[in-house]
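Step one of this worksheet: look at the structure below.
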Amino acid sequence: MNYIVGETLTDKDRSTESRLSLFMRRLLRIPEVKRSPAQEKRAERLFSFAILISALRCTLSYVILPFVIPLFGLGATVGVGPVIGIPLGAIAVFFDVKGIRRFWVAEHRYRWQMTVIYLLVIVLVMYLVIMDIVHLA
């Protein structure tokens with residue numbers, strides 16, 4: 001479907017949308033669609049930020065803390081990875097969900113593809129957070 005900038009969906013448009021799209025809108029609590037180029041740009045910026053947070057979490061937990069810090073003789077950081085990884089993982093998942101929602105609010109043409117990418121990142125981050133929790137136990 002093609003929409004005019006700022007146009008809202010009519011009841012007729014909603015009835016022609018796929019059931020899965022309607023399900024996603026309900027799940028993400030998106031009442032109406034108002035598409036604009038500015039919304040698409042914000043969605044793309046948030047995607048970049050959310051992926052950056054996830055990458056930062058992984059870099060700190062699996063590169064900096066276990067390998068780089070000990071090279072400088074700071075071996076007392078053993079066990080600190082999960083303490084940093086769990087909050088960063090929670091923040092990353094928050095921004096990932098927020099990013100999915102923003103793509104759907106903007107009616108971005110790549111919203112389905114971005115949703116899949118976000119969900120894959122969320123699954124990876126949740127796995128890593130669970131592993132950090134197990135490591136702390």
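Using θ = phi - 60° and the Karplus relation 6.51 cos²θ - 1.76 cosθ + 1.60, list the HN-Hα couplings for the range 103-117 in order, rounded to whole Hz, with x at every Gly or Pro.
Once rounded to whole Hz, the list reads 4, 6, 4, 6, 6, 4, 5, 9, 4, 5, 5, 5, 4, 4, 4.
Under a plain spin-label model, where a point goes 7 Å from the Cα along Cα-to-Cβ, how far apart in nm are residue 48 and residue 28?
Placing both labels 7 Å beyond Cα along the Cβ direction yields 2.0 nm.
Among 36, 48, what is the fewest-to-most ranking by other Cβ atoms within 10 Å?
48, 36
Given axes a ≥ b ≥ c from the Cα gyration tensor, I'd like to know whether the range 36-136 is rounded (a/c under 1.5), prolate (a/b larger than b/c) or oblate.
prolate
Using a 10 Å cut-off around each Cβ, can you sort 118, 110, 127 from fewest to most neighbouring Cβ atoms?
Ranked by crowding around the Cβ, least crowded first: 127, 110, 118.
May I ask you to sort 56, 20, 136 by Cβ crowding, counting other Cβ atoms within 10 Å and putting the fewest first?
20, 136, 56
Computed from the coordinates by the stated procedures, all read-outs in this text should not be read as laboratory data. On a predicted model such as this, the values are computed, not experimentally measured, just so you know. We place every Cβ from the backbone using ideal geometry, glycine too, and count neighbours over all the protein chains shown.
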